[in-house]
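Below you'll find the structure I mean.
The values are calculated or read from the model by the stated rules, or taken from the named source; none is laboratory data. Nothing here was measured: the structure is a model prediction, and the numbers come from that model. Neighbour counts run over all protein chains shown; Cβ positions are idealised from the backbone, glycine included. These area figures cover heavy atoms from the full protein model, side chains too; ligands, DNA and RNA do not enter into them. Shrake-Rupley method; radii C 1.70, N 1.55, O 1.52, S 1.80 Å.
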Amino acid sequence: MSSPKNEFIARVREVVGPRYVDTRTEELFGYSYDASFGCTKGTPVLPAVIVKPANKEEISKLMQLATAYRIPVVPRGAGSNNSGGTLPVDGCMVLETNRLNRILELDKRNLTVRVQPGVITGQLHRVVEAEGLFYPPDPASLDFCTIGGNLAECAGGPRGVKYGVTRDYVLQLEAVLADGTVIRTGTQTIKGVTGYDLTRLLVGSEGTLAIFTEALLRLIPLPQAHHTILAVYDDIRAAADSVGAIIAGGIVPACLEFMDRVLIKCVEEYAHIGLPTEAEAVLLLDLDGHPAAIADEALAVEKICRGLSVRDLHSAADEEQRQQLWAARRAAFPAIVRLRPNVLTEDVVVPRDKFADMVMQAQGIGEKYQLLVGMAGHAGDGNLHVEILTDENDEVEMARVQQAVLEILQTAVELNGTIAGEHGVGRLKAPYLGLEIKKEVMATMQAIKQALDPLGLLNPGKFI
Amino acid sequence: MSSSNEAQVQATDDLLPEANRCSRCGACRTVCPVFQVEGTETSLARGKAQLYRGLRKGLLMPTKELRHLAGKCLLCRTCVTNCPSDIPVDQIVLDMRQELVHTMGIPVYKKLLFRGLEQGGSFYKLGRAAERFLRLPQRIFPGRVKKWLEVLPDLPASTFRAQLNLAAARGMLDREKGVLFSRAEKRAHRVAYFYGCANNYFYPQTGWDFLQVMRARQVEVVIPPQGCCGQPQLAAGVTAERQAARIKEAFAPLRVEAIVTDCASCGSALKQLFPGISLGAPVQDVTEFLTSIGLGRLPGLPGARRLTYHDPCHAKRYQGISSAPRELLRAVPGVELIEMASPDTCCGGSGSFSLEYSDLSEQIGRKKLEDILATGAEAVVTACPSCLMRITSLLRVEGVPVRAIHLLRILAEAYAGPGNPTGA
Ligand SMILES: Cc1cc2nc3c(=O)[nH]c(=O)nc-3n(C[C@H](O)[C@H](O)[C@H](O)COP(=O)(O)OP(=O)(O)OC[C@H]3O[C@@H](n4cnc5c(N)ncnc54)[C@H](O)[C@@H]3O)c2cc1C
Ligand code: SF4
């Protein structure tokens, strides 16, 4: 009865209270997945225990215990990541930070907001926007993903093209290290150079270096006005070329999204907003800022698109229609499983002048391996999501899928891009890291990991 | 929307491929009422799909714990309507319950309940006796029983059926071979009335309101002897074949325009069991029927009323009904309809869920209560006795002077006219 594991769990119960600890097999089953590909295959790995602490003190104590008992720890937010970043390892403790869900302070004079990791991204948007402020990072999962997960994945979204990603809005982090030490990185100020930039190091570290307990985020004023344009194309190349041309034309839209025929169809079937299901591709574009400037830019965009044989150009008539279009875009990934049982999303990024090449080559790879491939992307920042529609339980097809994945990633690297834009490396991408990251760089990263987490307890098997 | 309306009595299809299609995106986290209180993955749609996978693939054993988790779903279908991947989570949960009943049997108390619902009058008398005993003030009961007593309304002196029989004996209703008829002066329509267990045992007044409203609209109402609609059985993962056979026997021979019910839960069960006109006539919710024939002359209420409307899940997401009841309410002179924040959020009742998971049900209901109270309405109107029960109890515990009433009560009063308040 009193194995070290049981002893550990008993002490965990003392720290957070029995209500927030679960070891029932059935409940553990519910923490054996995230939104990544492959979760329905085989026998799921179960954690030993799920723990839901309430504050940093508890998290610190939990990490001290984990260190003492050598228990691996998997931090978890909403479990919406697509890279297997929260998949448990055998015997681990899943540490969910969702109870730390308060917006602590909105400082309107310094344009900052202090939040806990369990705050839902969309909720933060609503709160700051009600004050005329703006937190731009907008992963499509914003209705349910958490700031903690966003920080750990350095999440991006359609607005990345103009406003950057999570990393660009983090001033300060409070985090618990593997041994339970609580650190505070960064400064409250907009600039600061004292010491290594640990904030940037921790953002995007996928729960492998520390557990976030608080963040001070930078805000900007909310743009005055918006104008959303839907550009419809009969030719996928023309749509992809328009992306490069708009950027080269000196226009920086707030969002510039690309969807191919497969995606259009699935999204339309879910949302019924009148997308042109027979078109080969669409661009969904949002201009924001001063109304006069937007009007100018809209004309310029239309001109560029016309020059590239766009079929139709529509503008959202009102805010409601605009919201509808973007909500539909956000549903693209889950809506796509209407066609096949599962979807594997590749998340490559290439320099923007190579976006069209990436699209065409990905399409070619899909054809070569006889796979149904849909494409969507935050095209404006060169981020292409190649959605391979498949059945993860079909071994024969999966062999072809693996080949296709490898070629898509290789293509991205050849085009001077990266294999993971915003969905993280997690467990799924980890085997491919070598395609892009040189040995000596990897060694440097491993040295950092070794220094911060010598026992390798934090999220093992992920990232590096 | 998923297509359970066409589903057979027993949906034993293996839904594993459907469960596997769930992308585990997490969008259901934003809408699941159970998750919003519990915060656990297994209370969530994607967690249910995972449990189902575990059970079907033999990775999870049929345990009491699993049964408990499978039970922890309101079947409100909110996740289904919201799910971008169109996963029929309600069907998956039902199939899981069915499988668990298959391997583990039905819990004894449920067996008793189902048998009781079939027994009718004698079950009711037993209930009355138990109630009198339980409600004795000096008795101290475990918390659970106390919660039950909070949820259940006070039992009326006799069942609706008994009251109908008495009325027939006094010549107020006609009787032919056990079937009762509520005649209209000039008959314009003829429907059959399915009043359901909840009205029969708890809310006979709604039954009388139904008859009054129909009489005002020149609708002749045929009331055959009847039992349970099968909803509790279906929700528990038990076959409703016997209920279906009985209903068919009682209703199919009646030559009527429609089989009308004022219970959204009965309505959705009946529509599922008898799609189209397989019961001889279409099954309709009373709000659907009334909007189709129109309200006619409606004298109006004794005074102005500020009301808000709660959408029963079984009306909104199982039958697609949401505008009809509002249309009816707005048509009543004197009614001001104030919409609450999210009128179609589940009230947490979900039939026996409110007894089995009484604390959880109450906590889910609290959100509803907040929305109701925020409108400042003097009463919340709905069209399902199951919701009425849950909401009434919440209001009572909260000690606020807001009432929960069936839509038919408002209409009955409005037909009676300003000078004739009809009590209750
Ligand atoms: C429909 C859909 C659309 C998506 N769209 C986008 C998109 O547009 N852009 C984008 O970037 N991503 C997108 N994603 C991926 C995902 O939503 C993001 O990666 C998000 O940031 C994950 O947040 P989460 O709360 O779900 O974190 P989880 O999935 O729970 O965790 C993600 C990682 O963060 C770590 N973690 C979580 N909390 C903490 C903490 N407190 N401290 C330390 N580590 C922690 C975990 O260990 C894990 O490695 C999408 C996902 C879905 C399902
Ligand atoms: S049930 Fe639907 S909404 Fe929920 S995780 Fe699965 S696909 Fe997403």
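Take the Cα pairs of the range A:200-269, get the Kirkwood Rh, then feed it into Stokes-Einstein at 25 °C and 0.890 mPa s and tell me D in µm²/s.
It comes out at roughly 149 µm²/s.
Please report, largest first and rounded to whole Å, the three semi-axes of the ellipsoid equivalent to the range A:4-96, where each semi-axis is the square root of five times an eigenvalue of the C-alpha gyration tensor.
Values for the range A:4-96, descending: 23, 14, 11 Å.
OK, next. Name the longest site-free stretch of chain A, where the excluded sites are GluC sites (Glu not before Pro) in a DSSP loop with no more than 13 other beta-carbon atoms within 10 Å.
It runs A:279-464.
For all pairs of alpha-carbon atoms in the range B:3-104, what percent lies in each bin of width 10 Å, listed from the first bin to the last filled one?
16, 53, 29, 2
Once phi is turned into ³J(HN,Hα) by the Karplus curve 6.51 cos²θ - 1.76 cosθ + 1.60 with θ = phi - 60°, what whole-Hz value does each residue of the range A:218-227 show in order, with x for glycine and proline?
Once rounded to whole Hz, the list reads 8, 10, 10, x, 5, x, 5, 9, 9, 8.
Same structure, new question: Compute for the range A:13-52: radius of gyration divided by Kirkwood radius, i.e. Rg/Rh, restricted to C-alpha atoms, rounded to two decimals.
With Rg and the Kirkwood Rh in hand, the quotient comes to 1.06.
Report ³J(HN,Hα) in whole Hz for each residue of the range A:172-180, in order, from the Karplus equation J = 6.51 cos²θ - 1.76 cosθ + 1.60 where θ = phi - 60°; Gly and Pro get x.
9, 10, 10, 8, 9, 7, 4, 8, x
With the full set of protein chains in place, find how many percent of the accessible area of the range B:3-104 is carbon and sulfur; take the probe as 1.4 Å.
Answer for the range B:3-104 is 51 percent, counting heavy atoms of protein chains only.
Using θ = phi - 60° and the Karplus form 6.51 cos²θ - 1.76 cosθ + 1.60, what ³J(HN,Hα) does each residue of the range B:78-95 get, whole Hz, x for Gly and Pro?
Karplus-based 3J(HN,Hα) across the range B:78-95 equals 4, 5, 5, 5, 8, 5, x, 9, 6, 7, x, 4, 4, 5, 5, 5, 5, 5 Hz.
Using a cut-off of 20 Å between alpha-carbon atoms, which aspartates and glutamates can reach A:LYS449, once sequence neighbours fewer than 8 places away in the same chain are excluded?
A:GLU153, A:GLU174, A:ASP179, A:ASP197, A:GLU206, A:GLU436, A:GLU440
Counting Lys and Arg as +1 and Asp and Glu as -1, what is the net charge of the other residues whose Cβ lies under 14 Å from the Cβ of A:ALA215?
My count for the surroundings of A:ALA215 gives +1.
Treating only the Cβ of Lys, Arg, Asp and Glu as charged (+1, +1, -1, -1), what charge dipole size does the range B:3-104 show about its Cα centre? Round to the nearest 20 debye.
Roughly 320 debye for the range B:3-104.
If you build the convex hull over the alpha carbons only and average its shadow over all orientations, what do you get for the range A:235-276? Give it in nm² to one decimal.
3.5 nm²
Okay, next question. In whole Å, what is the distance between the alpha-carbon centres of the range A:316-349 and the range A:26-52?
26 Å
Between rounded, prolate and oblate, where does the range A:54-126 land on the alpha carbon gyration tensor, with a ≥ b ≥ c its root eigenvalues, rounded for a/c under 1.5, else prolate if a/b exceeds b/c?
Since a/c reaches 1.5 but b/c is at least a/b, the shape of the range A:54-126 is classed as oblate.
Starting from the residue with the highest accessible area, list B:HIS102, A:HIS314 in decreasing order, probe 1.4 Å.
Most to least solvent-accessible, the answer reads B:HIS102, A:HIS314.
Tilt of helix B:204-216 relative to the longest C-alpha principal axis of chain B, in degrees (0 to 90, nearest 10)?
50 degrees
Run a plain Debye calculation on the protein assembly as shown (Cα atoms as equal point scatterers, no solvent) and give log10 I(q)/I(0) at q = 0.05 Å⁻¹, rounded to two decimals, same order as the q list.
-0.33
I've got another one for you. Would you list which lysines come within 25 Å of B:LYS186, measuring only between C-alpha atoms, while excluding same-chain residues fewer than 8 positions from it?
B:LYS186 reaches B:LYS177.
I'd like the Kirkwood hydrodynamic radius of the range B:305-416, using the inverse of the mean 1/r over distinct C-alpha pairs, in Å.
Result for the range B:305-416, one decimal place: 14.0 Å.
While we're looking at this one, here's another question. Please give the helix B:121-134 orientation as an angle from the longest Cα principal axis of chain B, in degrees from 0 to 90, rounded to the nearest 10.
80 degrees
Given C-alpha coordinates of chain B, what is the ratio Rg to Rh with the Kirkwood estimate of Rh?
0.95
Sticking with this structure for a sec: DSSP loop (so not H, G, I, E, B), at most 12 other Cβ within 10 Å: list which trypsin sites (Lys or Arg not before Pro) in the range A:424-464 pass both filters.
The qualifying sites are A:LYS438.
Report, in listed order, any pair from A:LYS41/A:LYS354; A:LYS162/A:LYS439; A:LYS41/B:LYS368; A:LYS265/A:LYS303 with a Cα-Cα distance greater than 30 Å.
Over 30 Å Cα-Cα: A:LYS41/A:LYS354; A:LYS162/A:LYS439; A:LYS41/B:LYS368.
Something else about it: Averaged across orientations, what area in nm² does the convex hull of the alpha carbons in the range A:103-221 project?
7.0 nm²
Could you let me know the centre-to-centre spacing of the range B:319-379 and the range A:104-156, using Cα atoms, in angstrom?
Cα centres, the range B:319-379 to the range A:104-156: 32 Å.
For the range A:223-337, what does the equivalent ellipsoid look like in terms of its semi-axes, each the square root of 5 times an eigenvalue of the Cα gyration tensor, given largest first in whole Å?
Semi-axes, largest first: 22, 17, 11 Å.
Averaged per residue, what accessible area in Å² does chain A show with a 1.4 Å probe, protein chains only?
39 Å²
Here's a follow-up. Taking both sides together, what accessible area is buried at the A/B interface, probe 1.4 Å, expressed in Å² and rounded to the nearest 100?
So the buried area, both faces added, is about 2700 Å².
In terms of the ratio Rg/(2.2 N^0.38 Å) built on C-alpha atoms, what value belongs to the range B:181-319?
1.06
Still on this structure: Under 5 Å between amide H atoms, partner at least 5 residues away or on a different chain: which partners does A:LEU133 have, H built in plane at 1.01 Å?
Residues meeting the amide H criterion: A:LEU222.
Would you mind telling me the share, in percent, of accessible area of chain A contributed by carbon and sulfur at probe 1.4 angstrom?
52 percent
Which far-off residues, 5 or more places away or on another chain, put their amide H under 5 Å from the one on A:ASP394, with H placed in the peptide plane?
Answer set, sorted by chain and number: none.
Report, in whole Å, the centroid distance computed from the Cα atoms of the range A:379-452 and the range B:208-249.
The two parts, judged by their Cα centres, are 59 Å apart.
Right, something else. Rounding to the nearest 10 and keeping the result within 0 to 90°, find how far the Cα-based axis of helix A:56-69 lies from the longest principal axis of chain A.
Compared with the principal axis, the helix lies near 60 degrees.
Calculate, for chain B, the solvent-accessible area per residue in square angstrom, rolling a 1.4 angstrom probe over the heavy atoms of the protein chains.
With the other protein chains kept in place, chain B gives 40 Å² per residue.
Would you mind checking which residues have amide H under 5 Å from A:LEU104's amide H? H placed 1.01 Å from N; only 5 or more apart, or other chain.
The list, which skips near neighbours in sequence, is A:ARG114, A:VAL115, A:GLN116.
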